[in-house]
Amino acid sequence: MSHLPAALQRVPFPVIGAPLFIISNPKLVIAQCQAGIVGSMPALNARPASQLDEWLAEITEALAAHDRAHPEQPAAPFAINQIVHKSNDRLEQDLALCAKYSVPIVITSLGARTDVNQAVHSWGGVVLHDIINNAFAHKAIEKGADGLVAVAAGAGGHAGVKSPFALVQEIRQWFDGPLALSGAIASGSAVLAAQAMGADFAYIGSAFIATDEARASADYKQCVVDSNSDDIVYSNLFTGVHGNYLKASIRNAGLDPDKLPESDPSAMNFGAAAAKAWKDIWGCGQGIGAIDRVLPAAERVAKLKREYAQARQRLLG
């Protein structure tokens, strides 16, 4: 059994909604938390930067109101994703706002940093750092992260190439803290499988693109519904970091998804240019074959819960 900090013990259903660049917003985060899973969004989705203050106030107040109205079924905690790469010139300002609202969970990406972890711990927050291999996992914990998000093959957006079986078993040989697994998880049975492998939480992103609350275009949502794993391409062209994207959006941008050039990793960027790339080139994971329609986020979570219960019952025979 993993040692979970208090914030993560308050998650009724073992799912973390992954922070979706551009797409996640307060409406989606609130709906996810009220449905019993961790809702999250990237700090960089708030543009201009001053909007983050308004969004954090909105989320905090809505969840507090929910808890007052439903003391028997309080909302799950929320998380904010911070890109800690040097190209993010907003990090210090955004962290200060997270401190102002005592954000319970901070998900850090693209570089483990001791100073960031210490800052989050100063207000009692929990840090989960996303990694793509066991070596990065060691570095993240050594630098003070509380837990890990193992980003395996098939995950939407920036993703690794490791099998989830290999990645989770290597981490669990030495780490007994909070562990979420990311990579093509879009059904309740896959959530149960993640737990069976040793993860505490399934980390689900692409399934929530096709929700009413998601800040994605109607065409993007329908493309998720209409596509499957054959429609995903893995490339580092768009941000300098390898990620998974929908082929249709690459074609719409006038590119051949089967003949994409390689990008120079030193060109990695998470400012305005990256935002444009993600708006036009749609990130998505391989699990979307399970998504057959656009739903409200609460219904998406309810469907996951039903499938999870059914999968458990099948195993029990």
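The values are calculated or read from the model by the stated rules, or taken from the named source; none is laboratory data. All of these numbers come straight from a predicted model, not from anything done at the bench. Every residue, glycine among them, receives a Cβ derived from its backbone with ideal geometry; neighbour counts consider all protein chains shown.
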Only one of (1) out of contact with any Ser or Thr (no Cβ under 7 Å at 6 or more places or on another chain); (2) surrounded by 14 or more Cβ atoms within 10 Å (Cβ to Cβ); (3) touching a residue at least 60 places away in the same chain (Cβ under 8 Å) does not apply to Ala79, and that is (1)
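Kindly provide the set of residues from the stretch 90-117 that are hydrophobic (A, V, I, L, M, F, W, C) and either surrounded by fewer than 18 Cβ atoms within 10 Å (Cβ to Cβ) or farther than 20 Å from Thr60 by Cβ (or both), ordered by number.
The initial filter retains those residues of the stretch 90-117 that are hydrophobic (A, V, I, L, M, F, W, C), namely 91, 95-99, 103, 105-107, 110, 112, 116.
Selection gives Leu91, Ala96, Ala99, Leu110, Ala112, Val116.
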Screening Leu148, Leu110 for residues that are at pLDDT 95 or above, under 18 Å from the mean Cα position of the chain (by Cα) and not acidic (Asp, Glu) leaves only Leu148
* To do: Looking only at the stretch 171-182, decide whether some residue is among the small types (Gly, Ala, Ser), closer than 18 Å to Gly205 by Cα, touching a residue at least 40 places away in the same chain (Cβ under 8 Å) and assigned to a loop (DSSP other than H, G, I, E, B).
  => no
Ser229: passes all of (1) free of Cβ contacts under 8 Å to residues at least 40 places away in the same chain; (2) under 23 Å from Leu167 (Cα atoms); (3) not aliphatic (A, V, I, L, M) but (1)
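Determine, yes or no, whether Val120 is in contact with a Phe, Trp or Tyr (Cβ under 8 Å, 6 or more places away or on another chain) and surrounded by 23 or more Cβ atoms within 10 Å (Cβ to Cβ). Explain how you work it out, then say what you get.
Working: in contact with a Phe, Trp or Tyr (Cβ under 8 Å, 6 or more places away or on another chain): no; surrounded by 23 or more Cβ atoms within 10 Å (Cβ to Cβ): yes.
Spelling it out, it is not the case that Val120 is in contact with a Phe, Trp or Tyr (Cβ under 8 Å, 6 or more places away or on another chain) and surrounded by 23 or more Cβ atoms within 10 Å (Cβ to Cβ).
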Residue count, the stretch 131-159, condition within 16 Å of Met197 (Cβ to Cβ) and in a helix (DSSP H, G or I), comes to 2
Those residues of the stretch 204-248 which are hydroxyl-bearing (Ser, Thr, Tyr), buried (at least 23 other Cβ atoms within 10 Å of the Cβ) and over 24 Å from Ile132 (Cα atoms) amount to Thr211
When (1) part of a loop (DSSP other than H, G, I, E, B); (2) more than 19 Å from the chain's Cα centre (by Cα); (3) within 18 Å of Ala202 (Cβ to Cβ) are applied to Lys162, the one that fails is (2)
Note on Thr60: of the conditions (1) modelled with pLDDT of 95 or more; (2) surrounded by 22 or more Cβ atoms within 10 Å (Cβ to Cβ), unmet is (2)
